[in-house]
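The values are calculated or read from the model by the stated rules, or taken from the named source; none is laboratory data. Bear in mind the structure is a predicted one, so any value in this text is a computation, not a measurement. No Cβ is skipped: glycine too gets one built from the backbone with ideal geometry, and neighbour counts run over all protein chains shown. With ligands, DNA and RNA removed, areas are computed over all heavy atoms of the protein, side chains included. Shrake-Rupley method; radii C 1.70, N 1.55, O 1.52, S 1.80 Å.
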Amino acid sequence: MGRQSMQVDIVELQRWIGRGETRVDAVGPTPIAALSATLDTGRPLPVGGDVVPPLWHWLFFLPLHPGADLGPDGHARRGGFLPPVPLQRRMWAGGRFEFLAPLRVGDAIRRVSTIADVTAKDGRTGPLVFVVVRHEVFGPEGLALVEEHDIVYRGPAAAGAPSPAAKRAPPEPTFTREIVPDDVLLFRYSALTFNGHRIHYDRRYATEVEGYPGLVVHGPLLATLLAGLAGSARPDEDLAAFSFRALATAFDGSPVRICGRPGEEPAALRLWAETDDGTIAMEARAVLRPR
């Protein structure tokens, strides 16, 4: 491995596999209404019993770290539930979901999280460490949602570097919408998900410290928009499964197209988020079932 990899003791980090934590929360209407306003969905104000849209569960079980426990990038300092990976940059790389039962406004909910895997490999700019966290979310009807969350850690040399394999000609979309993410949208989404990572709202930090050309659009925000597009394309069906993978970085001020088309299987949709220069920032797959 490269020079920086000497800092990564993968055997020690793999001791975290199997560690878990449990959190409880309640599905209140205010976060749902606030995200609806942030995304301009036009949804009516939520009331008790309304179904939580897919991926909007990220509004709950928020990481409530005090300011004294945050690092210079706004993330919580290494350690605790997640393994103490000694690489500075942490990003949301992807995820996989099974939707088993609806979550509704007013529900008491519980999330059981487990470190499922920790691996390392060499990247183009240095070592990478991948952590997979499995979340099981329970509602009044039992297990409602299973999520596998992929986190990638990397060193500072990779700051702002896009993947050379990310830019490719996408297929012609069957349905699409376009957004221009601005600093207000990114700030509001950060606030709603209590995400302190400064690359999303602190332009000086994002450009001068991490070397990005602008504010970084949240991966979970793009995934939420892709899942929402699947729902609007098939309004009489429910999402049964969803997966996404981040391929490149999208930045504020530039249009992002949220696209989709039928997949190879009748119940599946192929989805992607495309930046203005034709780069696929995120790809996703949705599987739907009759309501």
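Against the definition (open to solvent by less than 10 Å² (accessible area, probe 1.4 Å) and assigned to a loop (DSSP other than H, G, I, E, B)), how does G253 come out, yes or no? Taking the combined requirement at face value, the residue does not satisfy it. Would the stretch 23-33 turn up any residue that is free of Cβ contacts under 8 Å to residues at least 40 places away in the same chain and either under 25 Å from D202 (Cβ atoms) or under 19 Å from the mean Cα position of the chain (by Cα) (or both)? Scanning the stretch 23-33, I find no residue that is free of Cβ contacts under 8 Å to residues at least 40 places away in the same chain and either under 25 Å from D202 (Cβ atoms) or under 19 Å from the mean Cα position of the chain (by Cα) (or both), so the answer is no. Between V112, V85, V129, the distinction of being assigned to a strand (DSSP E or B), buried (at least 17 other Cβ atoms within 10 Å of the Cβ) and on the phi < 0 side of the Ramachandran plot belongs to V129 only.
Reported count of residues in the stretch 1-19, each being outside any loop (DSSP other than H, G, I, E, B) and modelled with pLDDT under 80, is 5. The single condition among (1) modelled with pLDDT of 95 or more; (2) under 18 Å from A37 (Cβ atoms) that V217 does not meet is (2).
Tell me, which residue of the stretch 34-78 that is more than 22 Å from F99 (Cβ to Cβ) and not in a loop (DSSP other than H, G, I, E, B) is modelled with the lowest pLDDT? Step by step, filter the stretch 34-78, then rank; the result is A76. Tell me yes or no: at least one residue of the stretch 199-213 is open to solvent by less than 20 Å² (accessible area, probe 1.4 Å), under 21 Å from D40 (Cβ atoms), outside the structural domain of R96 (by the TED database) and outside any helix (DSSP H, G or I). Within the stretch 199-213 (the criterion being open to solvent by less than 20 Å² (accessible area, probe 1.4 Å), under 21 Å from D40 (Cβ atoms), outside the structural domain of R96 (by the TED database) and outside any helix (DSSP H, G or I)), the answer is no, since none of the residues qualifies. Close Cβ contacts (under 7 Å, 6 or more residues apart or on different chains) running from residues in the stretch 257-279 that are surrounded by 14 or more Cβ atoms within 10 Å (Cβ to Cβ) to residues that are among the aromatic types (F, W, Y) and part of a strand (DSSP E or B) comprise C259/W272; G260/F175.
Number of residues in the stretch 204-227 that are out of contact with any strand residue (DSSP E or B) (no Cβ under 8 Å at 6 or more places or on another chain) and small (G, A, S) equals 1.
For the stretch 164-184, the criterion of being over 16 Å from the mean Cα position of the chain (by Cα), at positive phi, open to solvent by less than 30 Å² (accessible area, probe 1.4 Å) and at pLDDT below 95 is satisfied by no residue at all. Here the stretch 88-105 is the region considered, the condition is being touching a helix residue (DSSP H, G or I) at 6+ places or on another chain (Cβ under 8 Å) and over 17 Å from I151 (Cα atoms), and the residue that is surrounded by the most Cβ atoms within 10 Å (Cβ to Cβ) is L103.
The residue pairs whose first member lies in the stretch 193-212 and is more than 20 Å from T224 (Cα to Cα) and touching a residue at least 60 places away in the same chain (Cβ under 8 Å), whose second member is of a type in the set (K, R) and open to solvent by 20 Å² or more (accessible area, probe 1.4 Å), and whose beta carbons are closer than 7 Å, counting only pairs six or more residues apart or on different chains, are Y205/R198.
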